[in-house]
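Below: the structure, in C-alpha cells.
Quick note: the coordinates plus some simple rules give every number you see, no bench work behind them. For clarity, every value in this text was computed on a predicted model and none was experimentally measured. Note: ideal-geometry Cβ built from the backbone for every residue, glycine included; neighbour counts use all protein chains shown.
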Amino acid sequence: MRLRSFNAPTMQEAMALVKAELGPDAVILSTEQVGKAVKLTAALDRDAILAAPPTGAADLDPLEAIAQALDFHRVPVPLADRLTQLAGNFLLESPIQALAGALRIRFPSQPITERKPLKPIMLVGLPGAGKTATLAKLLARAKLRDWPSIAVTCDLVKAGAVEQLGTYAKALQVPAYRAKDADMLRRAVAQAPAGAFVIIDTVGSNPLDSGDLHHLAALADSVKAEMVLVMAAGGCTVESSELAQLYAEAGAHRLVPTRIDAARRLGGILAACEAGKFAFAEFGTSPEIASGLEIVTAERLADLILRPTLGAPRDNQPNPPANAARPVFGNTV
C-alpha cells in the first residue's frame, strides 16, 4: 500500500490535493487538525497503483489522447494546455508525432556526452537522487567515445560515498580524486590531462538551505564547472518545480532525470524542466552502468508519456550490443 500525507488550509483543498496526486481511487485513512491546517493520510493499494488508466485510445482524437496522457502524468494544467496547443500545430495522424513536435519546441535537448564538454561537469541534487550512479554512467559513455576522463567526489559525508566512486573508477579505469573544499577541488581538476572530460560528484544538498546552494556555487566557480541537476522522476509536480527553480537560481541549466524505469508518472520532471528553464540532458533509464543512460529524443519522450494511455506496457531497455564497452576491472589510479 502506498501512503501519502497531504496538508492544506481546508478539507476541500486537502481532498483536491489527494485527488490530484493519487487519483479517484485513493482511500482516506485518517484526518487530523494540525493548528489551522488539515492533514489527510491517504493510500492506494497495489492494484490501483499498477492499473492502467482508461485508454479507449482508438476512439480518441489525437489531441484528446495527448490531453488524457498529460493528465495521467499529472502535468500541471498550464503546461499541459501549452503542450496540447503546440501539438495542434502538427499533423495529427499520430499523437506521438504531434506530442514530440510540442516537446521539441518546449524542452530543448542538450546531452552531456553528445560532444565533449568544454568545462567540468558538476552533478548536484537532493540526497539519493542518483548523482554517483549518473557519474559512473557518464564515465561509461565517455569511455565508449575514447575520451580521457577523471572523476572527483566532494561527497565526504555520506557513508561509503568515496568507496562507491572508487569502485566505479576502478571498474572503468578512470583516475578518481576526493576534495573536501574548493582548494582541493582545484588541485584535483588540475590533474586532468588537457582536454579531458572532468566530472564532479557532490554531497546531497538541500536547496531550501541557502548555505547549501552557496557552497555548491562556490565549488562550481572554483573550477569554472557547469552545474547539472540530477532529479529522480516520479516526484510531486509542485515540489519538483520549486526545487528545480532554486537549483536554477544557483546556476544549474541542464537536468538529468533518473529512475525513469521506476516512475509511472513523468509530470514532475516536465514541471521541473519548465520551472527551471532547463534543457534535458541524458535520462537514467535503468540501473545498468554500461547502458543505463539514454539520450532521449522528443519522440522517445512522447512515447514514454503516451504509452500508458495508449494501453501498451512500458518497454524494457534493450540489452547492449555484444561489442558495447562494459566496465573492466583494472588498476586503481
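Remarks
- Peptides ranked, highest mean first, by Cβ atoms within 10 Å: ranges 207-213, 277-283, 135-141: 135-141, 277-283, 207-213
- Among 18-25, 243-250, sorting by the average number of other beta carbon atoms lying within 10 angstrom of each residue, highest first, gives 243-250, 18-25.
- Of the residues Gln245, Pro257, Leu219, the one whose Cα sits farthest towards the positive end of the charge dipole of the range 216-286 is Pro257 (charges of +1 on Lys and Arg Cβ, -1 on Asp and Glu Cβ, taken about the Cα centre).
- Taking the range 95-182 and dividing mean pair separation by its residue count, relative contact order in percent (alpha carbons under 8 Å, at least six apart): 24
- Estimated from the Cβ-Cβ distance and a Förster radius of 51 angstrom, the FRET efficiency linking Glu163 and Asp61 is about 0.40.
- Between Glu114 and Leu208, the simple spin-label model (points 7 angstrom out along Cα→Cβ) gives 3.5 nm.
- Partners for Lys277 among aspartates and glutamates (Cα-Cα distance below 18 Å; same-chain residues under 8 apart left out): Asp81, Glu226, Glu239, Glu242, Glu249
- Candidate aspartates and glutamates - alpha carbon under 20 Å from Lys36, same-chain residues fewer than 8 apart omitted: Glu13
- Mean Cβ count within 10 Å, highest first, over the residues of peptides 105-113, 164-172: 164-172, 105-113
- The lysines within cross-link reach of Lys39, meaning a Cα-to-Cα straight distance under 17 Å and a gap of 8 or more places when in the same chain, are Lys19.
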